[in-house]
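**Student:** Please see the structure below; I have some questions.
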Amino acid sequence: MALIDIHAHLTFKSFRKDLDEVIIRAKKRGIIGIINPSIDPKDFYKALELIEKYPNYVFLSIGAAPQMIDRKTFEEIVNIIENNFDKAVAIGEIGLDYYWVRDPSKRLMTIRFFEELAKIAIEKNKPIVIHNRDATKDVIRILDEVNADRVVFHAFMGNFDEAKEILEQGWYISIPTLIVRSQAHQNLVKKIDIDHIMLETDSPFLSPWPRTRNEPANVAESAKVISRIKNISYDRICEIITRNAIDFFELPIKI
């Protein structure tokens, strides 16, 4: 049994005091790799320290959270990507967030930044990790326009029709640990093929249990739920979903 948490914010302050213990617990639960997505320039440098501290276990994705991005952040992230893309397994999280970004002019700005970052990811031959909130139509349109082919929608919160459209493009969706207590996610997984699913915690958020900090070890809880829903053995579920992540991100991990 082996699993990968494709999206965990280990740089966030809630892990400041016990990250070593968090990593130990993850390894004990069979987590063989964790991808840490940066959300801004400051966060990138923290994430860089983690991949040096936990080599070939914690991996880096370079991104800019769309709900926080501005011109200065965009320019700094472009420079960071240009100088560090070889250290990253992906570009992201990038995308659109219409829940937090309501002003029309700011939405247009985030659209332009998203387009440019997606183009850079393709130019650098890196997969794209998508942050999408209430903006699925525009996210898919932009990805189509730039001819993106290696895409995963992180912490997917959409409906079946949206998932179907994403999967028909050959892209992936990442199911968060929220599935343990989310009937909507359980119903979604019943209807879709696991060949284009990955798993994540989005730690420290989206815990399987209310009002608790999430952490990478909990990916195993998602796999248990999916095993039950699909009536496929736990080991087989882990094998398929982990292979999806290894192949998509081209991780230097063997199972």
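The values are calculated or read from the model by the stated rules, or taken from the named source; none is laboratory data. Computed from a predicted structure; not experimentally measured. Every residue, glycine among them, receives a Cβ derived from its backbone with ideal geometry; neighbour counts consider all protein chains shown.
**Student:** Being of a type in the set (Val, Ile, Thr) and touching a residue at least 24 places away in the same chain (Cβ under 8 Å) is the filter; apply it to the range 190-231 and report the residue that is farthest from residue 35 (Cα to Cα).
**Tutor:** Initial filter on the range 190-231 (of a type in the set (Val, Ile, Thr)): 192, 194, 197, 201, 212, 219, 225-226, 229.
Of the ones still in play, those that are also touching a residue at least 24 places away in the same chain (Cβ under 8 Å) are 192, 194, 197, 201, 219, 225-226, 229.
Numbers: 192: 24, 194: 20, 197: 16, 201: 10, 219: 13, 225: 22, 226: 21, 229: 26 Å.
Step by step, filter the range 190-231, then rank; the result is 229.
**Student:** Please pick out the residue among 93, 116, 123, 76 that is within 18 Å of residue 12 (Cα to Cα) and acidic (Asp, Glu). Steps first, please.
**Tutor:** Values: 116 fails: within 18 Å of residue 12 (Cα to Cα); 123 fails: within 18 Å of residue 12 (Cα to Cα); 76 fails: within 18 Å of residue 12 (Cα to Cα).
Every option except 93 fails the conditions.
**Student:** Please verify whether the range 148-158 includes one or more residues that are surrounded by 14 or more Cβ atoms within 10 Å (Cβ to Cβ), of a type in the set (Asp, Glu) and either at pLDDT 95 or above or more than 23 Å from residue 56 (Cα to Cα) (or both).
**Tutor:** Let us first name the residues in the range 148-158 that are surrounded by 14 or more Cβ atoms within 10 Å (Cβ to Cβ), namely 148, 150-158.
Filter once more, so that each one left must be of a type in the set (Asp, Glu): none.
Checked against the condition, which is being surrounded by 14 or more Cβ atoms within 10 Å (Cβ to Cβ), of a type in the set (Asp, Glu) and either at pLDDT 95 or above or more than 23 Å from residue 56 (Cα to Cα) (or both), the range 148-158 yields no hits at all.
**Student:** Does the range 162-200 hold any residues that are surrounded by fewer than 16 Cβ atoms within 10 Å (Cβ to Cβ) and in a helix (DSSP H, G or I), and which are they? Spell out the reasoning first.
**Tutor:** Taking the range 162-200 as the starting set, the residues that turn out to be surrounded by fewer than 16 Cβ atoms within 10 Å (Cβ to Cβ) are 164-165, 168-170, 181, 183-184, 187, 190-191, 193, 195.
Once the filter is applied, which keeps residues that are surrounded by fewer than 16 Cβ atoms within 10 Å (Cβ to Cβ) and in a helix (DSSP H, G or I), the range 162-200 yields 164, 165, 168, 183, 184, 187, 190, 191, 195.
**Student:** Still on this model: Consider residue 235 carefully, then state whether it is modelled with pLDDT of 95 or more, acidic (Asp, Glu), over 18 Å from the mean Cα position of the chain (by Cα) and not in a loop (DSSP other than H, G, I, E, B). It would help to see each step written out before you state the result.
**Tutor:** Working: modelled with pLDDT of 95 or more: yes; acidic (Asp, Glu): yes; over 18 Å from the mean Cα position of the chain (by Cα): yes; not in a loop (DSSP other than H, G, I, E, B): yes.
Taking the combined requirement at face value, the residue satisfies it.
Let's see how each residue does on (1) under 29 Å from residue 211 (Cβ atoms); (2) in contact (Cβ under 8 Å) with a residue 24 or more places away in the chain; (3) over 17 Å from the mean Cα position of the chain (by Cα):
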residue	(1), (2), (3)
97	yes, yes, no
100	yes, yes, yes
112	no, no, yes
116	no, yes, yes
121	no, yes, no
177	yes, yes, no
183	yes, no, yes
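**Student:** Within the range 222-255, take every residue that is of a type outside the set (A, V, I, L, M, F, W, C) and in contact with a Ser or Thr (Cβ under 6 Å, 6 or more places away or on another chain) and give me the one that is farthest from residue 90 (Cα to Cα). Show your work before the answer.
**Tutor:** Taking the range 222-255 first, the residues of a type outside the set (A, V, I, L, M, F, W, C) are 222, 224, 227-228, 230-231, 233-236, 239, 242-244, 247, 250, 252, 254.
Filter again for in contact with a Ser or Thr (Cβ under 6 Å, 6 or more places away or on another chain), leaving 222, 234.
Values: 222: 23, 234: 28 Å.
Within the range 222-255, the match that is farthest from residue 90 (Cα to Cα) is 234.
**Student:** Continuing with the same structure: Anything in the range 40-64 that is under 22 Å from residue 132 (Cα atoms) and either in contact with a helix residue (DSSP H, G or I) (Cβ under 9 Å, 6 or more places away or on another chain) or among the hydroxyl-bearing types (Ser, Thr, Tyr) (or both)? List them, or say none.
**Tutor:** 40, 41, 44, 59, 60, 61, 62, 63, 64
**Student:** Would you mind finding the one in 111, 175, 130 that is of a type in the set (A, V, I, L, M, F, W, C) and touching a Gly at 6+ places or on another chain (Cβ under 6 Å)?
**Tutor:** Working: 111 fails: touching a Gly at 6+ places or on another chain (Cβ under 6 Å); 175 fails: touching a Gly at 6+ places or on another chain (Cβ under 6 Å).
Answer to the selection: 130.
**Student:** Another question about this same structure. So which residues in the range 201-237 are touching a Cys at 6+ places or on another chain (Cβ under 7 Å) and either on the phi > 0 side of the Ramachandran plot or surrounded by fewer than 17 Cβ atoms within 10 Å (Cβ to Cβ) (or both), if there are any at all? Steps first, answer last, please.
**Tutor:** Residues of the range 201-237 that are touching a Cys at 6+ places or on another chain (Cβ under 7 Å), as a first pass: 223.
Within the range 201-237, none qualify.
**Student:** For a quick check of your reading of the model, give me the residue pairs whose first member lies in the range 21-47 and is within 19 Å of residue 202 (Cβ to Cβ) and among the basic types (Lys, Arg), whose second is in a helix (DSSP H, G or I) and modelled with pLDDT of 95 or more, with beta-carbon atoms closer than 6 Å and at least 6 apart or on different chains.
**Tutor:** 25/217; 29/217; 29/220
**Student:** If you go through the range 21-51, how many residues are in a helix (DSSP H, G or I) and either at pLDDT below 95 or of a type in the set (A, V, I, L, M) (or both)? Working first, answer last.
**Tutor:** Taking the range 21-51 first, the residues in a helix (DSSP H, G or I) are 21-28, 41-51.
Adding the requirement that they be either at pLDDT below 95 or of a type in the set (A, V, I, L, M) (or both) leaves 22-24, 26, 47-48, 50-51.
So the count comes out to 8.
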